[in-house]
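The structure appears below as structure tokens.
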Amino acid sequence: MSDTGFTEDQKRWLQGFVSGANAARTARGLPGIGGPAPGAAASSAPAATGPARGPDALHHAAMARFEAAGRKLSPQEIAKRDEHPHDAYARLKAEARTGRFPKPMDDFRWRFHGLYFVGPAQNAFMCRLRIPNGILSHWQFRAVAAIADRWGGGYAHATTRSNLQIREIAAEHGPALIEALAMAGLTPKGSGADNIRNVTGSPTAGIDPDELIDTRPHALDWHMHVLESRTLHGLPRKFNVAFDGGGRVAVLEETNDIAFQAVAVRDGFGVEPGIWYRLALGGITGHKDFARDTGVVVRPEDATAVADAIVRVFIEHGDRTDRTKARFKYVLDAFGFDRTLQLVEAALGRPLTRVPAEAIGPRRPIDRFAHVGVHRQAQPGLNWLGVVLPVGRMTTAQMHGLADIAATFGDGDIRLTVWQNLLVSGIPDAMVAAATARLAALGLTHEASSIRAGLVACTGSRGCKFAAADTKGDALAIAEALDGRIALDQPVNIHLTGCHHSCAQHFIGDIGLIATRVALDATGEDTVDGYHIHVGGGFAERAAIAREIFPATPSSEAPARIESLLIAWLGHRTSADESFQA
Ligand code: SF4
């Protein structure tokens, strides 16, 4: 330490402070303050991975096993070990003050705080929130609108995980935006990178006449458990958990790593009859896999403990060297379900409960229109209003108006769905007309055609660097072209996704489009936006992976191709309820 005029007492105190800080930095493989710490390597060598204790120990031990086997950790694993992203918030703030966006590994770390640099598409941050079960109060929704007005682009996107994203955030505004969200009781923590993503649940939880269980307390319990446990952050890759309460609106739980599906267990099978969650594992539709039933049922109050044990198995055994094989599905593929469940039981410290398939009653049908329009709640005289948000986008003026509708006519809640729209709940019969009139004044509607009700699109090239096409713009163009030209008697889901990450889950659409560049001639030098068009995907009782039918179709030709598909389907089906999967 240089001599800067401190007294001897001050120097001794500061020396002790620097030594202590250096010990902590050395443990993370960082250079010491004021020169190398005692015993620290002069280079930025990886952190010690010996008998580590504390919340990172399980992760560091797993990394060490790969290295001991001669396998090279991925750069993201090394970044997490060198400096845990949750320890980097002060650096994030300091970097923001410079007005610069982060370099790649800090870009990865900042995602642990919910900030994504989305250049070059927008040369800005996107912030993704966490909203347990997708439900927030009107005042929180209004706060998000105010924050998007002040630090974002004046709009927000509703996502396919019942969540909100704010975009066009300048580098220097990232921390202020995160901290303003905290003041509104919201957080983006862990909403990106290798973390457990927003927990989804039935959007009609607690108001659905058909539901078996209200998913809100279980989703919230899991949300809080994840937030409060550092061990559950920085997994081998991202991880998704969903709760289906058995009601009318699909939550697409089978596309999650863990799917908790409310079921009625019958008497006579050695377990207490009643409502349990059936456990399905390994959903990842971008890799063409749905979550599969494990034969295990979980008491609702045990869901968090069981999910925690599953994630710990993933932390211990997930691949740390090849990011393309690092999702939980690959642990299941390598070990099989039986061994994986044995490992879960070991982590849990007790056996899981297994029942035969015949012990479980059938799920009540899903209503594919229940997320739009006016629907009666379980509570007499009350209704939910499903609002159409064209491909999930809404202006902040519309958000303030929606918050007004929820506060004035409803019970104050706003419920986001996985269909990129939202519900306003608790509207008395006598106020439905006034609420829908107020909605129309905002330029929004609760009425959707069979095409628009099931239209889903990821961010696309307007805001995502991975996109090969303008998915949101093309989705609206398809709806414009088909509405009024073709009469459908059931909803048809059309999903447009911009790249192989499949955020819009094109593989489960009746019609699914994944973007690609389409060459204009044999040289391949000039390309245009386009799609590989798939058909036959589905979810819930119609779960199926779509198959490619029209490869490399220019965007401009997509509406005509889709129209021809729909005409062929209408002309050849043998009954009115025959689906695309048949
Ligand atoms: Fe971006 Fe690809 Fe996700 Fe679309 S699917 S939002 S292009 S990462």
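Bear in mind that the values in this text are calculations on the coordinates, not laboratory data. Bear in mind that the values here come from a model prediction, so they are computed numbers and not experimental data. Because the Cβ atoms are built from the backbone with ideal geometry, glycine has one as well, and the counts that use them run over all protein chains shown.
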task: For every helix of n ≥ 4 consecutive DSSP H residues, a contribution of -39,500 (n - 2.57) applies; sum these over the chain, divide by its total residues, and give [θ] at 222 nm rounded to the nearest 500 deg cm²/dmol.
output: -9500 deg cm²/dmol
- prompt: Ranked highest first by the average count of other Cβ atoms within 10 Å around their residues, in what order do 163-170, 402-409 fall?
  reply: 163-170, 402-409
message: Between helix 558-572 and the chain, what is the angle of the helix's C-alpha long axis to the longest principal axis, kept within 0 to 90° and rounded to the nearest 10?
response: 50 degrees
Distant-in-sequence amide H partners of residue 416 (H built 1.01 Å from N, under 5 Å): 135, 136, 423
message: Can you compute the modelled spin-label distance between residue 123 and residue 519, with each label point 7 Å from Cα toward Cβ, in nm?
response: 3.2 nm
FRET E, pair residue 230, residue 575, Förster distance 41 Å, beta-carbon r, rounded to 0.05: 0.15
Antiparallel %, DSSP beta bridges [both residues in the chain], to 5: 80 percent
task: Using a Förster distance of 41 angstrom, determine the FRET efficiency expected from the C-beta separation of residue 67 and residue 98, and round it to 0.05.
output: 0.75
- prompt: Which of the cysteines in the chain are isolated, no other cysteine C-beta under 4.7 Å?
  reply: 127, 464, 499
task: Counting other Cβ atoms within 10 Å, keep those with at most 15, restrict to DSSP loop, and tell me which GluC sites (Glu not before Pro) in the stretch 485-565 are left.
output: 525
task: Please express the shape of the stretch 198-238 as an equivalent ellipsoid: the semi-axes are the square roots of 5 times the eigenvalues of the C-alpha gyration tensor, given largest first in whole angstrom.
output: 27, 10, 6
- line: With 0.36 nm assigned to each residue of separation and the Cα-Cα distance removed, residue 465 to residue 269 gains 65.3 nm
message: Under the rule of at least 5 residues apart or a separate chain, name every residue whose amide H is placed under 5 Å from the amide H of residue 383.
response: 377, 426, 427
- prompt: When you count, for each residue, the other Cβ atoms within 10 Å and take the mean per peptide, how do 59-71, 171-183 rank with the highest first?
  reply: 171-183, 59-71
- line: Sorted by chain and number, the residues with a modelled amide H under 5 Å from that of residue 533, at a separation of 5 or more or across chains, are 549, 550, 552, 553
query: Each residue of the stretch 321-326 in order: what ³J(HN,Hα) in whole Hz does its phi give by Karplus 6.51 cos²θ - 1.76 cosθ + 1.60, θ = phi - 60°, with x for Gly and Pro?
result: 10, 10, 5, 6, 10, 9
statement: Distance in nm between residue 333 and residue 364 label points, each 7 Å along Cα→Cβ, equals 3.8 nm
message: Run the simple label-point estimate for residue 429 and residue 87 please: 7 Å along Cα→C-beta, distance reported in nm.
response: 6.2 nm
message: Using the Karplus curve 6.51 cos²θ - 1.76 cosθ + 1.60 with θ = phi - 60°, what ³J(HN,Hα) values do you get for each residue of the stretch 387-397, in whole Hz, with x for Gly and Pro?
response: 9, 7, 10, x, 6, x, 8, 9, 7, 5, 5
- line: Checking rank on 276-282, 429-435, 321-327, with mean other Cβ inside 10 Å and highest first, the result is 276-282, 321-327, 429-435
- line: Longest principal axis of the chain (C-alpha) makes with the long axis of helix 303-317 (C-alpha) an angle, in degrees to the nearest 10, of 60 degrees
- prompt: Under the Karplus relation 6.51 cos²θ - 1.76 cosθ + 1.60, θ = phi - 60°, what is the ordered set of whole-Hz ³J(HN,Hα) values for the stretch 185-193, x standing for Gly and Pro?
  reply: x, 10, 9, x, 4, x, 7, x, 6
statement: Length gained if residue 57 through residue 487 is fully extended, taking 0.36 nm per residue and subtracting the Cα-Cα distance, is 148.9 nm
message: Can you tell me the orientation of helix 174-183 relative to the chain, as the angle in degrees between its alpha-carbon axis and the longest Cα principal axis, to the nearest 10?
response: 70 degrees
